[in-house]
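What follows draws every value from the coordinates through simple rules; no lab data is involved. If you're wondering where the values come from, they're calculated on a predicted model, not measured in any experiment. Here the Cβ is made from the backbone with ideal geometry for all residues, glycine too, and neighbour counts use every protein chain on show.
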Amino acid sequence: MTKANVSEPNIALLHAPIPQLEATHFRVPEMANLQAHAPSTHAPRIALLYGSLRPRSFSRLLTEEAARLLQAMGAETRVFNPTGLPLPDDAPDTHPKVQELRELVTWAEGMVWTSPERHGAMTGIMKSQIDWIPLSLGAVRPTQGKTLAVMQVSGGSQSFNAVNQMRVLGRWMRMLTIPNQSSVAKAFMEFGDDDRMKPSSYYERLVDVMEELMKFTLLTRDVAPYLVDRYSERKESAEQLAKRVNQRST
């Protein structure tokens, strides 16, 4: 992602009746900063995670269909295989599968999370993958400002428990979760013997979701740093810098 321009402090605020604000760190959102000055030309990079290890995993099959569609729309895709990923805190973060996952998330500009619904929730396999992704890797926040699409498969009637939970996690990971989503009921009926998804309204929704993800990724990837630039964090960073300077001077 290219670094977006950051507007100057709002000097006029110095005389405004808002005593709670510190004018040095206050910014007025500007349309000019929402337009990339040097738009990226490479294919959008999308990472896809799924939440089942079954030999015929319908969350994996749905993920693979999503990857095909994204590739047809011009994206570069990589699907993470969770086989061999340890439980969170049951191995060091130097574990090869953990490193593979974190490198994938750092590489990506957008993500797709697809989980089965099990006992009314996303699977532990899906949650473990998300739990291994930290909010920060050194000075880099690997998920902040990146787009996210959420999908689920169910063995019975349609439900939205898993996608709703993943939306909460996407917000917690500071991601831009797109409005549309996919929930495939009775998934075992939606895939043929060739493991390809049959034509249906569920498939059409999948196309809709991937199309929306691509649009949001293209729209935001070059200005994501500006979109998630926050007053509270600018203020906190300045305070931390001042504290370090004072410590060095004493």
Handout entry: Scope segment 190-208; condition of a type outside the set (Asp, Glu), loosely packed, with under 15 Cβ neighbours inside 10 Å and within 28 Å of Gln144 (Cα to Cα); matching residues
Key = none
Exercise for the section: Pull up segment 31-62, narrow it to residues that are surrounded by 14 or more Cβ atoms within 10 Å (Cβ to Cβ) and of a type in the set (Gly, Ala, Ser), then point me to the one that is nearest to Met126 (Cα to Cα). Expected result: Gly51
Practice task
State yes or no: is Leu148 touching an Asp or Glu at 6+ places or on another chain (Cβ under 9 Å) and within 22 Å of Pro44 (Cβ to Cβ)?
Solution key: no
Practice task
Scan segment 192-213 and give yes if some residue there is in a helix (DSSP H, G or I), within 30 Å of Pro29 (Cα to Cα) and of a type in the set (D, E, K, R), otherwise no.
Solution key: yes
Practice task
Considering every residue within segment 63-84, establish whether at least one is assigned to a loop (DSSP other than H, G, I, E, B), free of Cβ contacts under 8 Å to residues at least 24 places away in the same chain and out of contact with any Cys (no Cβ under 6 Å at 6 or more places or on another chain).
Solution key: yes
Practice task
May I ask you to verify whether Lys215 is of a type outside the set (Ser, Thr, Tyr), free of Cβ contacts under 8 Å to residues at least 12 places away in the same chain, exposed (fewer than 15 other Cβ atoms within 10 Å of the Cβ) and under 21 Å from Ser57 (Cα atoms)?
Solution key: no
Practice task
Would you be able to tell me the number of residues in segment 153-189 that are exposed (fewer than 13 other Cβ atoms within 10 Å of the Cβ), closer than 18 Å to Lys127 by Cα and among the small types (Gly, Ala, Ser)?
Solution key: 0
Exercise for the section: Scan segment 85-121 for residues that are part of a loop (DSSP other than H, G, I, E, B) and among the aliphatic types (A, V, I, L, M) and jot them down. Expected result: Leu85, Leu87, Ala91, Ala108
